[in-house]
1. With a/c under 1.5 counting as rounded, go ahead and sort the protein assembly as shown into rounded, prolate or oblate using the C-alpha gyration tensor (a ≥ b ≥ c being the square roots of the eigenvalues; past the cut-off, prolate if a/b is larger than b/c, else oblate).
2. Going by amide H atoms built from the backbone, whose H comes under 5 Å of the H on B:His20, apart from near neighbours?
3. For chain B, list the cysteines whose Cβ sits under 4.7 Å from no other cysteine Cβ?
4. Starting from the 7 Å offset along Cα-to-Cβ, what nm value, one decimal, do you get for the label separation of A:Ala176 and A:Lys3?
5. If a/c stays under 1.5 just call it rounded; otherwise compare a/b with b/c (prolate if a/b is bigger, oblate if not). Do that for segment B:49-101, with a ≥ b ≥ c from the square roots of the Cα gyration tensor eigenvalues.
6. Please tell me the relative contact order of chain B in percent, rounded to the nearest whole number, where contacts are Cα pairs under 8 Å and at least six residues apart.
7. What distance in nm separates the simple spin-label points at B:Leu227 and A:Ala36, each placed 7 Å from Cα in the Cβ direction?
8. So what are the three principal axis dimensions of segment B:168-258 from its Cα atoms, in whole Å, longest to shortest?
Amino acid sequence: MSKKSILRAIRQNQPQGPPLPDLPSFASDAPEAPLAAFQAMVTAMGGQVANAADYPDLGALVSAYFPGETSVASTVPGFPGNIPLQNMASPAALETVGLAVIPAPWGVAENGAVWVTEKECLFRVLPFIAQHLMVVLAKDRILSNMHEAYQRVQVDETGFGVFIAGPSKTADIEQALVIGAQAARSFTVVLE
Amino acid sequence: MTDTDLGERIIQLRDEPPSHIVLPAIHLKKEEVGELFHQKLHTEKGATDPKYLTEAARHHLRERFLQAGAALTGVNFAIAETGGVVVCTNEGNADMGVHLAPVQIHCMGLEKIIPRQADLGVFTRLLARSATGQPITIFTSHHHRPKPGGAMHIVIVDNGRSEHLGRPDFRNALKCIRCGACMNTCPIYRRSGGHSYDVAVPGPIGSILSPGIDLKKHSDLPFASTLCGSCSDVCPVKIDIHQQLYKWRQIAAGEGRLPIVKKWGMALAGHVLSRPRAYDFMGKLARRALKMLPRFMVYNALNDWGKSRELPVPPAESFKEWYRKNKMNKPE
Ligand code: SF4
């Protein structure tokens, strides 16, 4: 079947639907204290929350949460880590990254997710291939729910963007929940 | 080609079709997975801990991700307004594949297209809540352009969908977001398992989609239902599944698609069900026969439900007999 005949069939068979509805804001659904709700949801989804104010700088926080971690790749300005990302030839070279530290422009209170794009990652695979993932999020950048998130984020602003809501997990063997399937084994949100 | 979702990989290694769209290996015990991994991935013999087995799969799959020349994903939603696709996973396997391989290919049915990015607010919430009860899938990835130096392709599949759109009674089925909720609630699916349907999408939604693709082959599926309506109740996009099952029955029967076994069977059932004495007698006969008959008499061409699975052990007595023994004439 050619593209033309498929499109013709669709045009012919397409029902006359009602006009597109305006989406309600679902504001009544929104958590009252977004920051507290966000922290609770990150924990519920299997992640952890760290408070930047409790440490002199990000380096100290990283050493406290991941003592002895020797391969840290960071895209946070002012915190270079110890893997020079700029010199990486291919995404596959990131296989050895133990911890990735990435700034996140937005968080979502209702589900503990953060929005990250390729602009923040340098390599798209970085937040997935690292053994552990840490994102740095400003407290005043937490949105209430996914409806608000899709109003603030422009999904095609970059070629790739993702909501990440915890460590990689699976329940494919006898429905037993296992953290650390294919992507990062842990998820830490640093609030500053 | 390597399947990278853990459940999909397990059944691929077993040379089996999936039995569930969200949990493809739900029919397997951890002992079976342990034995399979021992043979194929050289895990320790007798090891059955899901954590240990998942870790072994993680290493095995990472090797494949690093070598792949192209990565192929499904699509949960495509956005007309921005020309991109959204892929949701909990394991992160789609992202590992797509961002490592130089070529990324996203394959989708044409019904996956939603009008605006704002609509994703509705759909991402619906999908996760109905699929696993999570507030959101762990990874909700939006792909709009290839990575620097890479290539990106989107394949839009028709496979009978544009034709299905022209069937007013059935077109609603194209709203399906493949959450699996109708399977999880279906009393027939839960007892029989996905393999008895013998199609890629099993369960209630599969039973109304498959007849549209090949009525002759799948005319029996709409009959394998109690029409209890539980599927329509849980469906997040409100597909009238049980009503469509009923309508497919009318069409199958009207076109003379009832297999001879079912036609006689129905006539016989009608006769027996309207005569309580005959019903009791047939029940007794069946319970005894299932116990005593040799395999080939029970598992043969006449018994569709025995093709891909074992029948349950028949009970020793009917409810009526049990009731008579235990409850009747006994003081409360
Ligand atoms: S028919 Fe409804 S409940 Fe079943 S998988 Fe599709 S969306 Fe989910």
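We did not get these values from a lab; they are worked out from the coordinates using the rules stated. Just so you know, these numbers come straight off a predicted model, no measurement behind them. Here the Cβ positions follow ideal geometry from the backbone for every residue, glycine too, while neighbour counts run over all protein chains shown.
1. It is prolate, given that a/c is not under 1.5 and a/b is the larger ratio.
2. B:Ile26
3. When partners are defined as cysteine Cβ atoms under 4.7 Å apart, chain B leaves B:Cys88, B:Cys107, B:Cys176, B:Cys179, B:Cys186, B:Cys228, B:Cys235 without one.
4. 4.9
5. Since a/c reaches 1.5 but b/c is at least a/b, the shape of segment B:49-101 is classed as oblate.
6. Once divided by the residue count of chain B, the mean separation gives 12 percent.
7. 5.2
8. Principal extents (largest minus smallest coordinate, Cα): 33, 29, 22 Å.
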